[in-house]
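Just below is one structure, and these are the notes that go with it.
The values are calculated or read from the model by the stated rules, or taken from the named source; none is laboratory data. This one's a predicted model, so the numbers in the text were calculated from it and none came from an experiment. Here the Cβ positions follow ideal geometry from the backbone for every residue, glycine too, while neighbour counts run over all protein chains shown. Heavy atoms of the whole protein, side chains included, go into the accessibility calculation; ligands, DNA and RNA do not. Shrake-Rupley method; radii C 1.70, N 1.55, O 1.52, S 1.80 Å.
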Amino acid sequence: LNPEIRRIVAAARDVWTRRLIDHSRANSLLFYRDLKVGTLDLTAEMEAVGRLLAGDKLTVESLASVGWYAKSPDPVVRARAEVEARQKVRSSLVALQRKALSNLEEKGIETLHLALGMATWAAADGGRPYDAPVLLLPARIEARGRAGDTLRLAVAGEPQINPVLVYVLEEDYAVRIASSVLSECGGEDESGQWRIDPDGVFARIERAATSVREFKVMRRVILANFQFAKMAMVEDLKRNGESITSSAIVAAVAGHSLSRQKLAAAANDIEPVQLDERPASDDYLVLDADSTQQRAIMLVGKGQNGVVQGPPGTGKSQTISNLIAQSVAEGRRVLFVAEKRAAL
């Protein structure tokens, strides 16, 4: 491959990766911030956390134990504090469940996780320090009972180290977290339940990151919604560099001028009058289409790459549906992908 193309695509990959990772303070996987109802802090409930890690399903009452209640000698005050604590836990679980369900329905991703440990260290810009979850365990909130008012929290999968934390430490600080950390500090027991030693994981990460200024792992446990679906794209960019670089389209998008010129030279165009001359028997459109939509469909049929743009309500989805039908009728295979489930 042309060395110039390699250089341009490699530089573009770095930019794309950083954009996907999102190093800004809006990324909760690097700069976590407690939400009023979108966070359930279980740091003070280590007995309950231990039961969760052991595979138990916990009710609101189990999550709002005596550690949350006022220690007043007055039984009325204690009872009132207990009710308030349970209401707080319930409202947090309901809010978390709704957000998780919304993410699943709209984007098809599971975002509810139990986070163990918060890695914190000084930011280079002098602003708010990093506050990144360390261990992430998929979680599930079940609604039971006739009215669905009995909520139960459970761990729903194996733990993983925050992939954004691992990436940032390696790329920005040359600190590599060994992939064997989890297997060294956990594994399946005789019943098939995954067991993990969080303190063992934290200790290994702290030892690896001794060169990072003010790095330490705070012993916190929180339940929240975390999104890191874009990490799959980051891994694709890292692992498939050769095939990505060999694509003329990727080279053009990356900014290689000659690749752009070649793609532009190979472009076709269709005049509206040519659409009128096309036999109706050659069209397999399943929805209405005007001349601009037909032109886009015909250009794709001629091997043209393209982007279909237009304001809402102008028929982009109709065009995609027609394009799929036309392509299948002409013997092509079609892969349609979308970030949101509504589009699918």
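For region 300-344, the set of residues classified as open to solvent by less than 80 Å² (accessible area, probe 1.4 Å), among the β-branched types (V, I, T) and either in a helix (DSSP H, G or I) or in contact with a strand residue (DSSP E or B) (Cβ under 6 Å, 6 or more places away or on another chain) (or both) consists of V300, T319, I320, I324, listed by residue number. Among residues of region 243-255 that are over 16 Å from P3 (Cβ atoms), those with a Cβ under 8 angstrom from a residue that is outside any helix (DSSP H, G or I), sequence gap 6+ or separate chain, pair up as I249/N305. On the given criteria, is R25 more than 22 Å from E235 (Cβ to Cβ), open to solvent by 60 Å² or more (accessible area, probe 1.4 Å), touching a Phe, Trp or Tyr at 6+ places or on another chain (Cβ under 6 Å) and in a loop (DSSP other than H, G, I, E, B)? Criteria met by R25. Within region 69-112, if we keep just the residues that are touching an Asp or Glu at 6+ places or on another chain (Cβ under 8 Å), open to solvent by 30 Å² or more (accessible area, probe 1.4 Å) and not hydrophobic (A, V, I, L, M, F, W, C), the residue that is modelled with the lowest pLDDT turns out to be Y69. Taken over region 45-57, the criterion of being open to solvent by 40 Å² or more (accessible area, probe 1.4 Å) and out of contact with any strand residue (DSSP E or B) (no Cβ under 9 Å at 6 or more places or on another chain) is satisfied by E47 alone. Across region 174-202, the qualifying residues are those that are open to solvent by 70 Å² or more (accessible area, probe 1.4 Å) and among the hydroxyl-bearing types (S, T, Y), and the one among them that is modelled with the highest pLDDT is S183.
Residues in region 257-299 that are within 22 Å of S247 (Cβ to Cβ) and loosely packed, with under 10 Cβ neighbours inside 10 Å were compared, and the one that is nearest to the chain's Cα centre (by Cα) is A264.
What is the residue count in region 1-22 for residues that are within 17 Å of the chain's Cα centre (by Cα) and part of a helix (DSSP H, G or I)? So the count comes out to 6.
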